[in-house]
Amino acid sequence: MSSKANIQEKEINQEHDKIFRTILDKKENAVLIINKAINAKIEIKDIEKYKNSI
């Protein structure tokens, strides 16, 4: 795979990261998605928000 292909692939991943970060920025959204995905009953008070930058 060429360097150009790797760069384009990374750009696409970053775009998707931005979408997920925007959606999951609010704890309410994160809890809703987690509960739906794994059929759990997590409450907002049960999760913490972490910031990660690369």
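For the peptides 35-48, 18-31, the ranking by mean Cβ contacts within 10 Å, running from highest to lowest, is 18-31, 35-48. In this rough spin-label picture, where each label sits 7 Å from Cα along the Cβ direction, the Gln14-Glu48 distance is 2.9 nm.
Each reported figure results from applying straightforward, stated rules to the coordinates on display, with no laboratory input. Nothing here was measured: the structure is a model prediction, and the numbers come from that model. We place every Cβ from the backbone using ideal geometry, glycine too, and count neighbours over all the protein chains shown.
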